[in-house]
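> Can you keep this structure in mind? I'll have questions shortly.
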Amino acid sequence: MSNAVRSTASSGTGASSGSSVYESIRAVHEYLLFHYGAADVLMPYNFGPHAALSFPQRTAQICAKYSPESGNSRALDLGCAVGGAAFELTQSFDEVVGIDFSHQFIATANTMKSEGEMNYSILKQGHIFEDHKAVVPAHLDRTKVNFSQGDACNLDTNLGTFDLIH
């Protein structure tokens, strides 16, 4: 084993290191912005990769192209964060299961499911924050989604089968 590999293996820099970052309120608010933020807030300038906006929704729409046409279809959104793509998948699937390692992300996704919206703040500069509201679009059926905390490397065997994994 090389020194670099030994160093990494013994230093605790594996998959779970740094995961506490995803338990912070700041991370939750940043992910709410990423999943639900308006285009002009995410990219307030005329220049930039505007085609990169709405990433969670776009990836869910790509997956939808491969959804089964019959009923009882199920999708698994692994690493669902605060649920943006999972809600989008409800347009093409009868049931969506969203799993994330972060307890805070799952709590937030469940709030988005039950309330349909959530307030958050984003850092503008220095100590200046700006308040926003994340909203699940009304045309998406929030009742089709179930969120739970879990480890993608050690999934519960009782999850069942899925027609798509996102």
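> What are the pairs with Cβ atoms under 8 angstrom where one residue, in segment 144-166, is at negative phi and free of Cβ contacts under 8 Å to residues at least 40 places away in the same chain and the other, located anywhere, is surrounded by 14 or more Cβ atoms within 10 Å (Cβ to Cβ) and part of a loop (DSSP other than H, G, I, E, B)? Sequence gap at least six, or different chains.
D156/G150
> If you don't mind, there's one more thing I want to ask. Check A134 against each of (1) surrounded by fewer than 10 Cβ atoms within 10 Å (Cβ to Cβ); (2) in contact (Cβ under 8 Å) with a residue 40 or more places away in the chain; (3) outside any loop (DSSP other than H, G, I, E, B) and name the one condition it does not meet.
(1)
> How many residues does segment 34-52 contain that are open to solvent by less than 30 Å² (accessible area, probe 1.4 Å) and either among the hydrophobic types (A, V, I, L, M, F, W, C) or farther than 19 Å from V96 by Cα (or both)?
Of the residues in that region, 1 qualify.
> Of the residues A39, A51, A60, A27, which is under 19 Å from T143 (Cα atoms) and of a type in the set (A, V, I, L, M)?
A60
> Shifting gears a bit: Please determine, by comparing only the residues of segment 94-120 that are assigned to a loop (DSSP other than H, G, I, E, B) and under 14 Å from C80 (Cβ atoms), which one is most open to solvent (accessible area, probe 1.4 Å).
Ranking the candidates gives F101 first.
> Shifting gears a bit: Cβ contacts < 6 Å: first residue on the phi > 0 side of the Ramachandran plot, restricted to segment 66-84; second residue outside any strand (DSSP E or B) and modelled with pLDDT of 95 or more, any location; separation 6+ or different chain. Result?
Listed pairs, sorted by first residue: A81/Y31; A81/F105; G83/A109; G83/M112.
The values are calculated or read from the model by the stated rules, or taken from the named source; none is laboratory data. Keep in mind the model is a prediction, meaning the values are calculated, not measured. Because the Cβ atoms are built from the backbone with ideal geometry, glycine has one as well, and the counts that use them run over all protein chains shown. SASA here: full protein model, heavy atoms, side chains in, ligands and nucleic acids out. Shrake-Rupley method; radii C 1.70, N 1.55, O 1.52, S 1.80 Å.
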